[in-house]
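The values are calculated or read from the model by the stated rules, or taken from the named source; none is laboratory data. Bear in mind the structure is a predicted one, so any value in this text is a computation, not a measurement. For neighbour counting, all protein chains shown are included, and Cβ atoms are generated from backbone atoms with ideal geometry for every residue, glycine included.
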Amino acid sequence: MIYEPSILAIVVFAVFVAITLGLSFYLGAQSRSSHGYFAAGGGIHWFVNGVAFAGDYLSAASFLGICGMIAFYGYDGFLYSIGYLAGWIVALFVIAEPVKRLGRYTFADALDSRFNSRGIKLSAAISTLAVSIFYLIPQMVGAGALVKPLFGFPHWAGVVIVGAVVVFIVVTAGMVSTTYVQFIKGSLLVIFSAFLTVLILNRGLHVNGRYHGQTQTVTVQPDGQRIVNGLPQGRGEGQGDLWPVGHVSRLPGGATETGPLGPIEFLRTIQNSEIVLWSSKTAKNADGSTTTTFVQKPTSGSEILRPGNSPTFRGVRSDQFWDKLNFLSLMLALFCGTASLPHILIRYYTVKDQTAARKSTVVGIGSIGFFYILTLFLGLGAMTSGALDVTNSNMAAPLLARSFGELPFAIVSAIAFTTVLGTVSGLIVAASGAVAHDLTANLFAANLNDHEKVRVGKIAAVAVGVIAIVLGILFEKMNVNFLVGWAFSVAASANLPALVMLLFWKGTTKQGITAAITVGMISSLAWILLSGDTYRDVYGWDPATALVPFSQPGIVTIPLGFVVLILVSLLTRSRAGSPTRSVSEG
Amino acid sequence: MIHASSNSNDDSPSPSHTRLGHGLFLLYLVCYTAFVLANAFAVDWIERTLVLGVNVAVAGGLGLIVLAFLLAVIYDWCCRSFRAGDSRR
């Protein structure tokens, strides 16, 4: 679909950027020491930190990806919401307080708290960089994907704008400004999502009689020209465009509209209605062009609100055990991944003590959980809004907002774009901390003073920002959710076994931790690169020839990390000497 | 700007505090595992309407999110009670 760039969206976004940059200048004075720069001096209030957790965690994948997936496939997108939120239980009950107690700047501090091992610092720093960069790519790709329809700029411009703004925020005031950017973004995202949900419920559901046709086609010719429904794509004379989709074809009891609905009533009505979804099929033509045909698929509400409609979760309806295992593996990675993400873990060092770490996690769970409940209403609201672009699920939330008017569209678009800012800034702080604090001191054996650490951190932030910009441009065509799945799997496989065993097993040795991080990181990356999804989406090969039986590595590589840690620790225990107690005992 | 005092005090978790956290974690783990397994192996069952006219899949998903928040609040409240008790002793 062709989108009209919104001047209002540009203005709202510019105001937000101006506020955050002003804040960065103002807060820069508080970030001169390394503790100030990397951990905000441990002086952030627990409530601010809790909302900043939401700003850090609710990335473009959460807002745009989940809403889009629910709008296109129903309940399957909500499974991501459930998995992402469940991961916070691990963070609160298992990880938060010990990580705060044992570390100071990075989660490598906690892992290394009783060993003073170069190997642990190095492996944890490399794992932090790998996870942060994997997580950065989809954020940057998301920024580029948004900027074109919303602001009318090319993909690379969106990536460069986000990269430049974030690097500036991080370099000027490090974790202090990053925290307040995330606080503002998290607050805006949750508040406006709630506002949109109220609008959806107030509008209710109605049967839409606008049937433009049963199918739509998009042909991309070898020279890049797009033919839409038989006409060159455009808004001029003799040109055509895709029409917006997403409507209810039947309401319970033969009603034509419901009027305002309560939240449960809305879900119940959807479950007993029939909604027109769209399926697509792409074929290569003899002249080298490709044609994608979109076909209407009237679907009962009960079918929409059960798992297995999307390509990602189709396996749950399969008789093949491997297909179901793929789903189980993803849900395990989501559960274990949150408490292993370096940019989430470093947020525990920005508060003063363990009590504040716990309280901020509770606030984080409240705000993130509330948002994830709203995603169900936003997604289903978009599904029935009559405003969807059949070719682009990522635009579901902004287009839903547009169905209520230009101002909500401008605000939601600007928030969607700034969503990327908050997450990217957290990732860059985590990566720069790993470089300055863990990698430089251990790999290059450099003994840096406080001022030098901050300077190295700032240089690392610029370098990571530039790498993220380049990768964001190169990976333009990659699926955003797919890449986030990579980051969760790698984080859970590399970091969680080491963190958990350090806390709960007295026999853990430094060699065991180093081996678990290394094996978990390499095995999960290798599994992903040899999986059917990567064969199809990255290499363009037949997924049936993939070397691993299913695509999500977590169910194999997370237990593998635990097994490696236990075996290596047992083998090296006599040399290392038995620790007297596990660190979870205080 | 809301900033906390940077004075840190010793607030290491007590054994009962740690036990409670692990117990609540196990409770949630059981619920989450049951929910995920039901989605994978009992699709027809979770399609059934359960409460308030909403099916098991949706009710269970919303329930898990609400349960996470409730357990978090209970944990925080109990930890504060433990600390208050320790202070009195």
More than 9 Å from chain B (Cβ to nearest Cβ), modelled with pLDDT of 85 or more and buried (at least 24 other Cβ atoms within 10 Å of the Cβ), is that true of residue A:75?
no
Looking at segment A:357-378, which of its residues are hydrophobic (A, V, I, L, M, F, W, C) and within 18 Å of residue A:78 (Cβ to Cβ)?
A:365, A:368, A:370, A:371, A:373, A:374, A:376, A:377, A:378
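Tell me, which helices (runs of 4 or more DSSP H) lie completely within segment A:67-182 with 1 or more residues that are under 17 Å from the mean Cα position of the chain (by Cα) and of a type in the set (S, T, N, Q)? Walk me through it before giving the result.
Working: elements: A:67-73, A:75-90, A:96-102, A:107-111, A:118-151.
Qualifying helices (runs of 4 or more DSSP H): A:75-90, A:118-151.
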Subset tally (residues that are over 17 Å from residue A:135 (Cβ atoms) and either surrounded by fewer than 21 Cβ atoms within 10 Å (Cβ to Cβ) or out of contact with any Lys or Arg (no Cβ under 9 Å at 6 or more places or on another chain) (or both)) for segment A:488-507
10
Would you point out the residue of segment A:196-226, among those that are without any contact (Cβ under 8 Å) to a residue 12 or more places away in the chain and outside any loop (DSSP other than H, G, I, E, B), that is farthest from the chain's Cα centre (by Cα)?
A:226
Subset of segment A:293-309 that is part of a loop (DSSP other than H, G, I, E, B) and out of contact with any Lys or Arg (no Cβ under 6 Å at 6 or more places or on another chain) - its residue that is surrounded by the fewest Cβ atoms within 10 Å (Cβ to Cβ):
A:309
With (1) touching a Leu at 6+ places or on another chain (Cβ under 9 Å); (2) farther than 21 Å from residue A:1 by Cβ; (3) part of a helix (DSSP H, G or I) as the list, and residue A:260 as the residue in question, which single condition is left unmet?
(3)
Listed by first then second residue, the pairs whose first member lies in segment A:116-142 and is small (Gly, Ala, Ser), whose partner is outside any helix (DSSP H, G or I), with beta carbons under 9 Å and at least 6 positions apart or on separate chains, are A:124/A:106; A:124/A:112; A:125/A:106; A:132/A:341; A:142/A:59
Anything in segment A:519-547 that is in contact with a Leu (Cβ under 6 Å, 6 or more places away or on another chain) and within 29 Å of residue A:122 (Cα to Cα)? List them, or say none.
A:523, A:530
Restricting the search to segment A:113-138, which residues are modelled with pLDDT under 85 and crowded, with 21+ Cβ neighbours inside 10 Å?
A:134, A:138
Quickly run through segment A:105-125 and pick out the residues that are more than 11 Å from residue A:342 (Cα to Cα) and hydrophobic (A, V, I, L, M, F, W, C).
A:110, A:111, A:115, A:120, A:122
Taking the conditions exactly as written (away from chain B (no Cβ under 14 Å) and of a type in the set (Ser, Thr, Tyr)), does residue A:81 satisfy them or not?
no
Residues that are surrounded by 15 or more Cβ atoms within 10 Å (Cβ to Cβ), within 9 Å of another protein chain (Cβ to nearest Cβ) and not acidic (Asp, Glu), drawn from segment B:34-55
B:35, B:36, B:39, B:40, B:43, B:46, B:49, B:54, B:55
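Just a yes or no: is a residue in segment A:341-350 within 30 Å of residue A:52 (Cα to Cα) and either among the small types (Gly, Ala, Ser) or surrounded by fewer than 19 Cβ atoms within 10 Å (Cβ to Cβ) (or both)?
The answer is no; no qualifying residue exists.
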